[in-house]
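The values are calculated or read from the model by the stated rules, or taken from the named source; none is laboratory data. What you see is a predicted model, and the numbers here were worked out from it, not measured in a lab. Heavy atoms of the whole protein, side chains included, go into the accessibility calculation; ligands, DNA and RNA do not. Shrake-Rupley method; radii C 1.70, N 1.55, O 1.52, S 1.80 Å.
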Amino acid sequence: MKILENRSTSFKYVGNITYVEFYEDNKMIGLIDYSQHSKHYIEDAIENFMTGIMTVETIKRYNLGKIPE
């Protein structure tokens, strides 16, 4: 699968909570809490985003906006 060059992700760990930030064109488009999912699920989600399978609309649907305090 072809990786989209304008997309990237970043992991954030806060205590026992796992977040993934999703970026397109160097702008964060969403932050999703993956704490209830396995490492493999998270890796698949990142791959789906990086290859264009996961859309920006999907990221926005599950977006937290910012890490909760």
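Side notes on the structure shown:
- Surface/4 of the Cα convex hull for the chain, nm²: 4.6 nm²
- On Cα atoms only, tilt of 39-50 relative to the major axis of the chain in degrees: 40 degrees
- Computed from phi, the 3J(HN,Hα) profile of the range 5-13 under the Karplus parametrisation 6.51, -1.76, 1.60 (θ = phi - 60°) reads 5, 8, 10, 8, 9, 8, 7, 10, 10 Hz, with x in place of Gly and Pro.
- As a length-normalised measure over Cα pairs under 8 Å and 6 or more apart, the relative contact order of the chain settles at 31 percent.
- Set of lysines with alpha-carbon distance to Lys39 below 21 Å, sequence-local pairs under 8 removed: Lys12
- Accessible solvent surface per residue of the chain, calculated while the other protein chains remain in place, 1.4 angstrom probe, Å²: 71 Å²
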